[in-house]
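The values are calculated or read from the model by the stated rules, or taken from the named source; none is laboratory data. These figures come from a predicted structure and were not determined experimentally. In this analysis, Cβ positions are derived from the backbone assuming ideal geometry, glycine residues included, and neighbour counts consider all displayed protein chains. Please note that ligands, DNA and RNA were not included when accessible areas were found on the heavy atoms of the full protein model with its side chains. Shrake-Rupley method; radii C 1.70, N 1.55, O 1.52, S 1.80 Å.
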Amino acid sequence: MANDYYGTLGVRRDASQDEIKKAYRRLARELHPDVNPDPATQERFKEITQAYEVLSDPNKRQMYDLGADPFGGAGAGAGAGGFGAGFPFSDIMDAFFGAAGGGQRGPRSRARRGRNATIRVELDLKETAFGTTRELVVDTAVLCEVCSGAGTAPGTHPDTCDMCSGRGEISQVTRSFLGQVMTSRPCPQCGGFGSIIRHPCQECSGDGRVRTRRTIKVRIPAGVEDGTHIQLAGEGEVGPGGGPPGDLFLEIVERPHEIFERRGDDLHCTVQIPMTAAALGTILTVETLDGAEEIDVRPGTQSGQVISMFGRGVQRLNESGRGDLLIHVNVETPNKLEPAQEELLRELAKLRGEERPPGKFAPGQQGFFSRLRDAFNGR
Ligand SMILES: [Zn+2]
Ligand SMILES: [Zn+2]
């Protein structure tokens, strides 16, 4: 005999059906995977469930008493071959579907992993460039403190489902030309959990978690940009039945800056300077992320010329160094000239021989077509 089912349940060989049932319930309460998920206990739970399955069925019990073990394996006994009929033989399953053919057997756990959540965090350029710390208020689910996630009222336990005897599934053996085939489906009474919560926790209505509002402090690294996702592992809501929490994702939304346009780690801006300053050169005070700084505009600066300020852009994400600040110069041509100014300019034009300048084409790089090409390349 491969298995001692009476010994497993701790009952005498002449125990009544009622005694067997009581013994099983008592053991199932302490050994149920929902109560005690460690592997040794689960193995023991399987054993008592198997014993109960045989001993609670008068037909199976009778055959077992005669020396046949439905779970005993192929070589369990001389008579075993003859007792195939009507038994959910484990090795029939194995023969047709492979050892793992039935998928994961046994009742499924009430505990499931919590969902991931995403929240949007709006930041301005200075915050994305240098990083920041934010306190975020999130609506989430946390473990119910009354039942610690079990979902049962204090002092109560889930009852073993009597329809599936705690197995979470209903098996059916059918005959086919191949022999016997066992099919299983989730138990409709307990939903596959193998147990039923008759006294749910009042606090969480049996869900094992309660909804709440939580404030978390998050550190946002320098260099994030619009659309960056930051994963905060385990900061999502806890799962039903005390399952582990999901992750919280922060989606960065960068507010456009009124002066700077960000392209990668570089910043671009445009300054307007008068025609005279562009011709004579000047020193400009410009605003940067690090405060006001002076830049040198060389005499003869052209409209469209770019002045680079190295390392005045955005901090590179997870790297050292910063991007650049690129200042595009726009030369303003004066309009509404006063008579005296117009006279001066005419004088200048005469001195430079520019009273009737030829319509020279600009070099290729500054032409219309290259600007069109740049637009296509997203520059
Ligand atoms: Zn609860
Ligand atoms: Zn059931």
Rounded to the nearest 10 Å², the accessible area of Thr174 using a 1.4 Å probe with every protein chain kept is 60 Å²
On the accessible surface of segment 230-351, probed at 1.4 Å with all protein chains in place, carbon and sulfur together account for a percent value of 50 percent
Taking only protein heavy atoms and a 1.4 Å probe, the highest-to-lowest accessible-area order of Tyr52, Tyr64 is Tyr52, Tyr64
With all protein chains in place and a 1.4 Å probe, Lys60 shows an accessible area in Å² (nearest 10) of 30 Å²
Ordering Phe177, Phe310 by the accessible surface of their heavy atoms, 1.4 Å probe, largest first, yields Phe177, Phe310
Once normalised by the length of segment 208-253, the mean sequence separation of its alpha carbon contacts under 8 Å that are 6 or more apart gives a contact order in percent of 40 percent
Filtered hits (lysines, Cα-Cα < 22 Å from Lys60, offset >= 8 within chain) -> Lys21, Lys22, Lys46
A student applying the Cα gyration tensor rule (rounded when a/c is under 1.5; otherwise prolate if a/b is larger than b/c, oblate if not) would label segment 114-254 oblate
Percent antiparallel among DSSP beta bridges confined to segment 160-313, rounded to 5, stands at 100 percent
Excluding ligands, DNA and RNA, the carbon-plus-sulfur percentage of the accessible area of segment 115-174 with a 1.4 Å probe reads 46 percent
By accessible area (1.4 Å), largest first, Ser320, Ser16 order as Ser320, Ser16
Measuring from its Cα centre, segment 1-61 shows a charge dipole (+1 at each Lys and Arg Cβ, -1 at each Asp and Glu Cβ) which, in debye to the nearest 20, is 200 debye
Highest mean packing first, using Cβ neighbours within 10 angstrom, the peptides 18-30, 160-172 sort as 160-172, 18-30
Interchain or sequence-distant (5+) residues whose placed amide H lies within less than 5 Å of the amide H of Glu332 are Ile273, Met275
Residue-normalised value, i.e. accessible area per residue, for segment 125-243 at 1.4 Å probe, in Å², stands at 52 Å²
With +1 on the Cβ of every Lys and Arg and -1 on the Cβ of every Asp and Glu, the dipole magnitude of segment 165-253 about its Cα centre, in debye rounded to the nearest 20, is 500 debye
Segment 270-348 accessible area per residue, 1.4 Å probe, protein heavy atoms, integer Å², reads 65 Å²
